[in-house]
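Quick notes on the structure that follows.
Since every read-out is calculated from the coordinates, none of them should be taken as a lab result. The structure presented is a predicted model; accordingly, all values stated were derived computationally and were not measured. Cβ atoms come from the backbone with ideal geometry, glycine included; neighbour counts cover every protein chain shown.
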Number of protein chains: 2
Amino acid sequence: MLKAKVTVILKNSILDPQGSAVEKALRSMDYPVESVRIGKFMEVNLPEEARDQAEEIMHEICRKLLSNPVIEDYSFELEG
Amino acid sequence: MLKAKVTVILKNSILDPQGSAVEKALRSMDYPVESVRIGKFMEVNLPEEARDQAEEIMHEICRKLLSNPVIEDYSFELEG
């Protein structure tokens, strides 16, 4: 079995209110934090038969369903 | 500046309805997918002065604020 670890995060130019809220919370708890950005993490398991096209399939899945390419960047690693 | 890349994901024993929904959507689009699990991804930037205690600080932050240790597992990598 192949495992794809996908991270999706807002582009730098896009405001991240969830990240700002966590940053403020951490500062109020006296942690030395400069900035926080929050995104999504996904593990997609693919069957062995898909090994040859795995990279292509993952790019398609990321563009079509897992991220919004207008405001988010994605990256993934294949394992196994 | 130090960057911590944190991933938080539901423990294996915990149902992940969001992951199941994405899995079904991908199957209905004819992608060969075995399973999907969805979690969170966070980038925390720490100041240079925190380098020595960075690992300790991140464990504390992850336990106290970024994850719910009852149902989630966290991991992080330090960069820079």
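Considering the stretch B:1-17, the residues that are surrounded by 15 or more Cβ atoms within 10 Å (Cβ to Cβ) and of a type outside the set (D, E, K, R) include one that is farthest from the chain's Cα centre (by Cα), namely B:LEU2.
Among the residues of the stretch B:20-48, those that are buried (at least 18 other Cβ atoms within 10 Å of the Cβ) and closer than 28 Å to A:GLU49 by Cα comprise B:VAL22, B:GLU23, B:LEU26, B:TYR31, B:VAL33, B:VAL36, B:ARG37, B:ILE38, B:GLY39. Only residues that are in a loop (DSSP other than H, G, I, E, B) and of a type in the set (Ser, Thr, Tyr) were counted across the stretch A:16-48, and they come to 1. Suppose we keep only residues that are of a type in the set (A, V, I, L, M, F, W, C) and part of a helix (DSSP H, G or I) within the stretch B:49-80. Which one would you say is surrounded by the most Cβ atoms within 10 Å (Cβ to Cβ)? Only one residue fits best here, namely B:ILE61. In the stretch B:34-42 there is at least one residue matching the filter, namely being β-branched (Val, Ile, Thr) and within 7 Å of chain A (Cβ to nearest Cβ). With A:ASP73, A:ASP52 as the choices, which residue is farther than 25 Å from B:ASP16 by Cβ, of a type in the set (D, E, K, R) and more than 10 Å from every other protein chain (Cβ to nearest Cβ)? Result of the check over A:ASP73, A:ASP52: A:ASP52.
Based on what the data block shows, is A:LEU65 over 17 Å from B:LEU26 (Cα atoms), in contact with a helix residue (DSSP H, G or I) (Cβ under 7 Å, 6 or more places away or on another chain) and within 9 Å of chain B (Cβ to nearest Cβ)? Here the answer is no, as A:LEU65 does not meet what is asked.
Within the stretch A:14-28, is there a residue that is touching a residue at least 40 places away in the same chain (Cβ under 8 Å) and at the interface with chain B (Cβ under 9 Å from one of its Cβ atoms)? Looking through the stretch A:14-28, none of the residues is touching a residue at least 40 places away in the same chain (Cβ under 8 Å) and at the interface with chain B (Cβ under 9 Å from one of its Cβ atoms). All of B:ALA21, B:ALA25, B:ALA50 fail the test of being within 22 Å of A:SER28 (Cα to Cα) and aliphatic (A, V, I, L, M), apart from B:ALA50.
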